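Everything on this sheet refers to the single structure shown next.
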Amino acid sequence: MADYLTFVQNHPLLIIGLVAIIGLIAWTEFGRLNRKYKQLNTTQAVQLLNQDDAVVLDVREDSEVRAGKIKGAKHIPLGQLKTRMLELDSAKGKPVLVYCRSGNRSSHACNQLTKAGFTNVSNLAGGISAWESANLPISKR
């Protein structure tokens, strides 16, 4: 035990770094466990899309959408989502699949949607990149 105390006294920066890393891991895991939306892989997303009333939301920027999108997706860039939320009001009780390029921006959109009262929100893990990697179809229009 004395060796540990000596180590802590001789290496305070290492200890501070260790505590910071442990804190960040705990914060990330706490957020993951308390999120109110689901993470879906491409197979699960296809199953969700096969439901008649599912809504697909693309939150990428205009320039990214020109390369293609999931067929039938409604495009609202993440930066405009708060101001255009009324366009999605009819989908509050329906399953909503949100995606971006990699799944990061869409997770922020999922948080916004759940805070706005949407009850069945899912994020496409890996975004459109994972969709294309799975050789799933995209629409160029």
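Before moving on, here are some points about what is shown:
- Ranked packing of 65-76, 82-93, most packed first, by mean Cβ within 10 Å: 65-76, 82-93
- Assigned charges on the beta-carbon of Lys, Arg, Asp, Glu; the chain dipole about Cα centre (debye): 460
- Calculated Kirkwood radius over Cα pairs in Å (choose from (i) 16.9; (ii) 17.9; (iii) 15.1), label: (i)
- Largest first, the residues PHE30, PHE7, PHE118 sort by 1.4 Å accessible area into PHE30, PHE7, PHE118.
- Solvent-accessible surface ranking, highest first, for ILE138, ILE128, ILE16 at 1.4 angstrom: ILE16, ILE138, ILE128
- Straight-distance crosslink candidates among lysines, where the alpha carbon sits under 21 Å from LYS94 and sequence neighbours closer than 8 are dropped: LYS36, LYS38, LYS69, LYS71, LYS74, LYS82, LYS115
- A crude spin-label estimate for the pair LYS36 and LYS71, with each label 7 Å from Cα along the Cβ direction, gives 3.4 nm.
- Summarising the amide proton neighbourhood of HIS75: residues at separation of 5 or more, or on other chains, whose placed amide H is nearer than 5 Å comprise ASP58.
- Across the accessible surface of the chain, with the other protein chains kept in place and a 1.4 Å probe, carbon and sulfur atoms take up 57 percent.
- Where the chain is the region considered: accessible area per residue in Å², 1.4 Å probe: 64
The values are calculated or read from the model by the stated rules, or taken from the named source; none is laboratory data. The shown structure was predicted, so the numbers you read here are calculated from the model rather than taken from an experiment. Note that each Cβ is placed from the backbone with ideal geometry, even for glycine, and that neighbours are counted across all protein chains shown. Just so you know, the surface numbers come from the protein's heavy atoms only, side chains and all, with ligands and any DNA or RNA stripped out. Shrake-Rupley method; radii C 1.70, N 1.55, O 1.52, S 1.80 Å.
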